[in-house]
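Report on one structure; see the data block that follows.
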């Protein structure tokens, strides 16, 4: 009666996850550094109920992070022996920035830091991936409608993101599909050399070095060799709220995971001025825009409204685009194709429980 029965719902997306021929677009954006540190302090460094034996700090004061759009056409679980198990496809949009995890020793001093990446902003267009991410990794993924169009004779990219939400919070507000983000390459966009975007200033070069190394993008894409890989560690705060007090968590832990990238190809860079990136303002998204990106709601006078330039992509035209849009400057963009594997390393600390065991 208690024998575990294998089923689609229990095994569809058990880690490790594997993605073949995934298409990535990374847009490097500059925010205020205190946005990143505020997130680290209110999530990882705060007591819940005890304090973790780590101190999280921004990697530097540059404020650079990357907004990533990933298209996974061949995505599956590698948990079962023998390879893939039930392939699906999905797209995701997420914000990621680098940080240092400092172990705190018994003398309350900081030991040698471990570089990690933090991902506090997530959208996915596949409900199975979304729920698996929330349950296994603890990422706060939201369902999104992600329409994407690229290619053609010229350099072309157009991405539109929408989600369910509220324009304003009030007793009479009704939830509907709201625009969240619009991105595209401008018509004049052409590829540029890696040196042209990395040598803009010292801080961009430093950030880009960590970013490109983590995604295995520093080699020659024409000589990508199977088996050549690099990995990025991600730390996520996994928590479940107390139903009687939504300010408190009944379970809270730090989960370390790893993303490995193989067979990187088609690496192409674009100058930031050739990229158009807009966030669409609503009550649902305001807190994330303000706290994670340091943006402010545009004043009523002189507001730019709606989808910029051409119409929204098919699949997101029914979303409400009659919202104020905020233009976000992009430092540079890079696109590439690769195979990726996502796996859990360890739960490095459970708040209110025993001491952690750090994964090697």
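The values are calculated or read from the model by the stated rules, or taken from the named source; none is laboratory data. Keep in mind the model is a prediction, meaning the values are calculated, not measured. Here the Cβ is made from the backbone with ideal geometry for all residues, glycine too, and neighbour counts use every protein chain on show.
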Inset, instruction - State whether one or more residues within the stretch 192-204 are part of a strand (DSSP E or B), surrounded by 14 or more Cβ atoms within 10 Å (Cβ to Cβ) and at pLDDT 80 or above. - result: yes
Inset, instruction - Go over the candidates 102, 64 one by one and state the one that is touching a strand residue (DSSP E or B) at 6+ places or on another chain (Cβ under 6 Å) and at pLDDT 95 or above. - result: 102
Inset, instruction - Scan the stretch 134-149 and give yes if some residue there is out of contact with any helix residue (DSSP H, G or I) (no Cβ under 6 Å at 6 or more places or on another chain), at positive phi and crowded, with 18+ Cβ neighbours inside 10 Å, otherwise no. - result: yes
Inset, instruction - Filter the stretch 141-153 down to residues that are modelled with pLDDT of 90 or more and not in a loop (DSSP other than H, G, I, E, B) and give me whichever is farthest from residue 251 (Cα to Cα). - result: 149
Inset, instruction - Consider residue 175 carefully, then state whether it is more than 14 Å from the chain's Cα centre (by Cα) and touching a residue at least 40 places away in the same chain (Cβ under 8 Å). - result: no
Inset, instruction - Scan the stretch 318-332 for residues that are surrounded by fewer than 20 Cβ atoms within 10 Å (Cβ to Cβ), touching a residue at least 24 places away in the same chain (Cβ under 8 Å) and either at positive phi or outside any strand (DSSP E or B) (or both) and jot them down. - result: 318, 329
Inset, instruction - From the list 260, 268, 236, pick out the single residue that is in a strand (DSSP E or B), more than 19 Å from residue 140 (Cβ to Cβ), in contact with a helix residue (DSSP H, G or I) (Cβ under 9 Å, 6 or more places away or on another chain) and touching a residue at least 60 places away in the same chain (Cβ under 8 Å). - result: 268
Inset, instruction - Select from the stretch 104-118 the residues that are touching a residue at least 60 places away in the same chain (Cβ under 8 Å) and out of contact with any helix residue (DSSP H, G or I) (no Cβ under 9 Å at 6 or more places or on another chain) and write down the one among them that is surrounded by the fewest Cβ atoms within 10 Å (Cβ to Cβ). - result: 114
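Let's see how each residue does on (1) farther than 22 Å from residue 307 by Cβ; (2) assigned to a strand (DSSP E or B):
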position: 123; (1), (2): no, yes
position: 128; (1), (2): yes, no
position: 139; (1), (2): yes, no
position: 155; (1), (2): no, no
position: 164; (1), (2): no, yes
position: 171; (1), (2): yes, no
position: 178; (1), (2): no, yes
Inset, instruction - Just one of (1) surrounded by fewer than 20 Cβ atoms within 10 Å (Cβ to Cβ); (2) under 25 Å from residue 132 (Cβ atoms) trips up residue 309, so point out which. - result: (2)
Inset, instruction - Select, from 297, 238, the only residue that is surrounded by fewer than 20 Cβ atoms within 10 Å (Cβ to Cβ), farther than 22 Å from residue 187 by Cα and within 17 Å of the chain's Cα centre (by Cα). - result: 238
Legend entry - Index of the failed condition, residue 233 passing every other in (1) modelled with pLDDT of 80 or more; (2) buried (at least 17 other Cβ atoms within 10 Å of the Cβ); (3) touching a strand residue (DSSP E or B) at 6+ places or on another chain (Cβ under 7 Å): (2)
Legend entry - Filtered residues of the stretch 31-66 (kept if part of a strand (DSSP E or B) and in contact (Cβ under 8 Å) with a residue 60 or more places away in the chain): 54, 56, 64, 66
Legend entry - Lone unmet requirement of (1) surrounded by 13 or more Cβ atoms within 10 Å (Cβ to Cβ); (2) under 22 Å from residue 22 (Cα atoms); (3) modelled with pLDDT under 90 for residue 257: (3)
